Amino acid sequence: MANFNTHLFTATAASIGAALVAENIHLITPAHIPWLVFLGTLGGLLPDIDANNSKPVKLLFNVLAVTGVAAVLYTVKSSYAPHHQLILIAVGTYLFIRYGMFALFNKLTDHRGVFHSILAALFFSLLMTCISFYFLHWSALLAWLNGIFIALGLVVHLLLDELYSTDLSNLRMKKSFGTALKLFSYNNMTATALMTICTLMLYSIAPSPTPLIKVWKKTQWNNYLAQVSFEVSDNRLDKQREQRDIRRLMKL
Ligand SMILES: [Zn+2]
């Protein structure tokens, strides 16, 4: 299994690459790049929330606990409760989410279960699209892009896990091969059914992807790829010329 830092680095690198392409074809402005790279990286860390005591799951429950405390304090602040009661409520909420709900989550999920699947990529992608569209009030095009970057990071994570399941020096597969990049969880059909229902519900309320499809169709990919390969070969020629000049100078 690839470790936390490997997942972090690879997801960030893949997201930077994808964000630069999106900027190059004028799908986004440079100001969008950091946010999309953040989402791609987040997607790259998401699957391991099913690994008990992994860094992503601890981070997730810390964030949830702090958000929970803020939400509860915001709700009860108008009741003018004494300070010591407010502190007790805050500590109780934190402990309940961070340890109580965390233990329950660990019990209900198995590592490399449904969170390590293409179904999870679809689920989190649509969840992000809907959050961006309905709560953050992004346009349909950018909301879909947000979702796509979550899916991109997640798929990169699954591919990396599979790559680490291959013992390249001995050319054989480890036992874990095939447990990360799968369509859904074959061992836990209840979790699969639940996630499928949620994914379909999100799809039914998601904004229309038409603006994104239009831009995709309008993009002249052949020209873009030709331009990129031309720039690469141009750079190579420049380097060759530079090396030739250095050699000539050294001979003088
Ligand atoms: Zn993993």
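Yes/no matrix, rows are residues, columns are (1) over 19 Å from G147 (Cβ atoms); (2) assigned to a helix (DSSP H, G or I); (3) under 21 Å from the mean Cα position of the chain (by Cα):
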| position | (1), (2), (3) |
| --- | --- |
| G17 | no, yes, yes |
| P34 | no, yes, yes |
| P47 | no, yes, yes |
| T75 | yes, yes, no |
| A81 | yes, no, no |
| A90 | yes, yes, no |
| F123 | no, yes, yes |
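Mind listing just one residue for me: the one in the range 90-115 that is modelled with pLDDT of 80 or more and small (G, A, S) and, of those, nearest to the ligand (Cβ to nearest atom)?
A103
Please pick out the residue among L73, L39, L20, L27 that is over 23 Å from D110 (Cβ atoms), more than 16 Å from the ligand (Cβ to nearest atom), in the same structural domain as L145 (by TED's automatic domain parsing) and at pLDDT below 90. Before you say what the answer is, go through the steps one by one.
Numbers: L73 fails: in the same structural domain as L145 (by TED's automatic domain parsing); L39 fails: at pLDDT below 90; L20 fails: at pLDDT below 90.
Going through L73, L39, L20, L27 in turn, just one is over 23 Å from D110 (Cβ atoms), more than 16 Å from the ligand (Cβ to nearest atom), in the same structural domain as L145 (by TED's automatic domain parsing) and at pLDDT below 90: L27.
Yes or no, residue by residue, for (1) in the same structural domain as V37 (by TED's automatic domain parsing); (2) within 21 Å of the chain's Cα centre (by Cα); (3) at pLDDT 70 or above; (4) away from the ligand (no atom under 16 Å from the Cβ):
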{"site": "L160", "(1), (2), (3), (4)": "yes, yes, yes, no"}
{"site": "T199", "(1), (2), (3), (4)": "yes, yes, yes, yes"}
{"site": "L202", "(1), (2), (3), (4)": "yes, yes, yes, yes"}
{"site": "S229", "(1), (2), (3), (4)": "no, no, no, yes"}
{"site": "L252", "(1), (2), (3), (4)": "no, no, no, yes"}
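Only one of V72, V57 is touching a Ser or Thr at 6+ places or on another chain (Cβ under 7 Å) and buried (at least 16 other Cβ atoms within 10 Å of the Cβ). Can you tell me which? Please lay out each step first, then the result.
Values: V57 fails: touching a Ser or Thr at 6+ places or on another chain (Cβ under 7 Å).
Only one candidate passes the filter, namely V72.
Does G68 count as assigned to a helix (DSSP H, G or I) and within 18 Å of L154 (Cα to Cα)? Let's see the steps before the verdict.
Details: assigned to a helix (DSSP H, G or I): yes; within 18 Å of L154 (Cα to Cα): no.
So G68 does not fit the description; no.
Considering the range 59-90 alone, what residues qualify as being within 30 Å of N3 (Cβ to Cβ) and free of Cβ contacts under 8 Å to residues at least 24 places away in the same chain? Give the derivation first.
Restricting attention to the range 59-90, the residues satisfying the condition of being within 30 Å of N3 (Cβ to Cβ) are 59-68.
Scanning the range 59-90 gives L59, L60, V63, T67.
Where the second residue is assigned to a helix (DSSP H, G or I) and the first is acidic (D, E) and lies in the range 128-156, which pairs have Cβ atoms under 6 Å and are six or more apart or on separate chains?
Here the result reads none, with nothing in the range 128-156 linked to a residue that is assigned to a helix (DSSP H, G or I).
Filter the range 22-32 for residues that are surrounded by fewer than 16 Cβ atoms within 10 Å (Cβ to Cβ) and not in a loop (DSSP other than H, G, I, E, B) and give the result.
Correct list: N24, P30, A31.
The values are calculated or read from the model by the stated rules, or taken from the named source; none is laboratory data. Because the structure is predicted, anything quoted here is derived from the model rather than measured. For neighbour counting, all protein chains shown are included, and Cβ atoms are generated from backbone atoms with ideal geometry for every residue, glycine included.
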